[in-house]
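Below is one structure; the comments refer to it alone.
The values are calculated or read from the model by the stated rules, or taken from the named source; none is laboratory data. Since the model is a prediction, treat every value here as computed from it, not as a measurement. Cβ sites come from the backbone with ideal geometry, for glycine too, and all protein chains shown count toward neighbours. Calculation scope for accessible area: heavy atoms of the full protein, side chains included, ligands and nucleic acids excluded. Shrake-Rupley method; radii C 1.70, N 1.55, O 1.52, S 1.80 Å.
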Amino acid sequence: MREPTEEEIKNVIMPLMLSGAKMLDRHCPKCGSPLFEKDGRVFCPVCEYRAKKQMGEVDDVKGILMKKLVEIANSLPGDPEEMEKHLRVMERIIDVLRKYKELEG
Ligand SMILES: [Zn+2]
């Protein structure tokens, strides 16, 4: 994994230092950020931040797919052949959504 970017240092590490979390002289084996200790818990703020951000992105993907699904459902054509195509796309979207759900457990 890459090391913390300037943005991450500014948005994640700095506020943490100001909040009174203790910066340890150990570093995260994954990203090289200094590890912090707060309420007896040692953690890497950068990896936690990235994990959260990634979850957010997954939610966005779901949101986009759901929106598309509604869009297609709202614009189903009368022609049976065309409608069949639309329904197939909807099926695919639902498939992907289901797989995302499985990924999330
Ligand atoms: Zn890390």
| Where only protein heavy atoms count, and the probe is 1.4 Å, what is the accessible area per residue for the chain in Å²? | 76
| message | Test of understanding: in a Gaussian network model of the chain with alpha carbons linked when under 10 Å, which of Arg50, Arg41, Arg92 would top the mean-square fluctuation ranking? | response | Arg41
| For segment 27-105, what is the convex hull volume of the alpha-carbon atoms per residue, in Å³? | 107
| said: Please flag any cysteine in the chain that has no other cysteine's Cβ under 4.7 angstrom from its own Cβ. | reply: Cys31
| request: Return the single residue from Gly32, Gly63, Gly20 with maximal mean-square fluctuation; model: Gaussian network over the chain, springs between Cα atoms under 10 Å. | output: Gly20
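Which percent of the accessible heavy-atom area of the chain goes to carbon and sulfur, probe 1.4 angstrom?
56
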| field | Cβ-based charge dipole, segment 1-86, positive-most Cα from Cys28, Pro80, Met66 | value | Cys28
| Using θ = phi - 60° and Karplus 6.51 cos²θ - 1.76 cosθ + 1.60, couplings along segment 18-24 (whole Hz; Gly, Pro as x) | 5, 6, x, 5, 8, 8, 8
| query | Which cross-chain or sequence-distant (5 or more) residues have an amide H under 5 Å from the amide H of Leu35, H modelled 1.01 Å from N in plane? | reply | Leu24, Arg26, His27, Cys28
| note | In degrees rounded to 10, the 0-90 angle between helix 80-104 Cα long axis and the longest Cα principal axis of the chain is 20
| request: As a check on your grasp of the helix formula, calculate [θ] at 222 nm for the chain: sum -39500 (n - 2.57) over DSSP H runs of n ≥ 4, divide by the residue count, round to the nearest 500. | output: -19500 deg cm²/dmol
| request: Over 29 Å between C-alpha atoms is what I'm after, so list which of Lys10/Lys67; Lys68/Lys101; Lys10/Lys99 land there. | output: Lys10/Lys67; Lys10/Lys99
